[in-house]
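One structure is given below, encoded as structure tokens.
The values are calculated or read from the model by the stated rules, or taken from the named source; none is laboratory data. Computed from a predicted model, the values in this text were never measured in an experiment. FYI the Cβ positions are ideal-geometry reconstructions off the backbone, even for glycines, and counts take in every protein chain you see. For the accessible areas, the whole protein counts, side chains as well, though only heavy atoms, and no ligand, DNA or RNA atoms are used. Shrake-Rupley method; radii C 1.70, N 1.55, O 1.52, S 1.80 Å.
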Amino acid sequence: MKEKILLIEDEIELQQNLKEILEYHGFSVLTAENGIEALFKIKNQDVDLILCDIMMPEMDGFQFIEIFRAEKKNQHTPFIFLSAKVSAEDKAIGLQEGADDYLTKPISARLLLNAIFAALDKKNERILWSSLMNEKEEGIEHSHSLSKTTSPISLLLNVLGKLKTATVPMEVNEVSQLVNLAFTSAKWIHSSFTKTPLFTNLGKLQPKPSSINLGDLVLDTLNEFGKESFLAHTAMTQNIVFDPEQIQFIIRELLENSLKFKSDSNKVQVEWFGNELSVKNQQTILIQTEEIPITAFAQPSGGVHERRGLGLGLFLCKEYCRINKAKLSCSVNAEGNFIAKIIFPNAGNAMED
């Protein structure tokens, strides 16, 4: 049975040339001129691989892959971008969005076919990884647990696979981009697995509170992360009574999240006054302005930011605050700032759970 390829390309002459090459080498080819037409054509049929342009009318390639990958049945379908956008940054974004490969125009038939065959082979690797992850999930009670790591693992496999199977020498900056992506993905996976036992042990925690100077702790942590990414505002603060390890985890987690999801051109604002601490970052992912529920395994939606891990960090922060008589809340204001705020109990008083 012929393997079926969906070719999405708005330049008709190039589309037909590619279609002829693919059909000559034994593939069945569906064609579409933009993402909307492509979604319509695969609504009632599956394809074995997608070859997709990026700059197209109606719906571009990045929008298409986001919608396509959102459906569980499309998780393992090989996806290759073929674009005139040639910068290393564009290639990095393409891989982050969930593509198996990123090819640039013009391209030879040999390189195109090599990439297609490699992507089809990688499909079997992805299915194997998925089955292995499902086996590991049996020891975790929550039904959505380790399945959330599929995206970082797939990204890591894609990057390493591209480095391993490259048929032509890569530019130094492209290799650097790929290595950075692999390192970042590995960090997401490591972070998720280190937080899982913390989550499973929540019911057994016995906090060991002590008096801590909040201002000193925040400043030390900002120095650790690098002050250039933050704007700090403070006034006289009181000591708080909190488990030292748990408050350090909370502050690091809030700062890491703020840096991970902030808009590139804005600094994170960190403020502490009296018995309150807030971390505020400008972002474009969440739009609601009311308070945001903090639940385990929650994930933001939105392209490259989606499925970075298990989504346990904020939930652990909330629970650590609760057992130490403090309260953590999160919201998005009208300016698009994500705000995480902690209200610590006044000395000698405890807040209600």
It is to be established whether one or more residues within the stretch 30-49 are open to solvent by less than 50 Å² (accessible area, probe 1.4 Å), small (Gly, Ala, Ser), at positive phi and over 27 Å from the mean Cα position of the chain (by Cα). no
Only unsatisfied item for VAL86, checking (1) closer than 13 Å to LEU7 by Cβ; (2) open to solvent by 50 Å² or more (accessible area, probe 1.4 Å), is (1)
Taking LEU178 as meeting all but one of (1) exposed (fewer than 15 other Cβ atoms within 10 Å of the Cβ); (2) modelled with pLDDT of 70 or more; (3) over 15 Å from the mean Cα position of the chain (by Cα), write down the number of the exception. (1)
What number of residues in the stretch 262-316 are more than 30 Å from ASN346 (Cα to Cα), modelled with pLDDT of 75 or more and in contact with a Lys or Arg (Cβ under 9 Å, 6 or more places away or on another chain)? 1
Within the stretch 203-237, tally of residues that are surrounded by 15 or more Cβ atoms within 10 Å (Cβ to Cβ) and either part of a loop (DSSP other than H, G, I, E, B) or in contact (Cβ under 8 Å) with a residue 40 or more places away in the chain (or both): 7
Note down all Cβ pairs under 6 Å where the first residue falls in the stretch 269-281 and is of a type in the set (D, E, K, R), the second is open to solvent by 50 Å² or more (accessible area, probe 1.4 Å), and they're at least six residues apart or on different chains. GLU271/HIS233; GLU276/ILE343; LYS280/GLN269
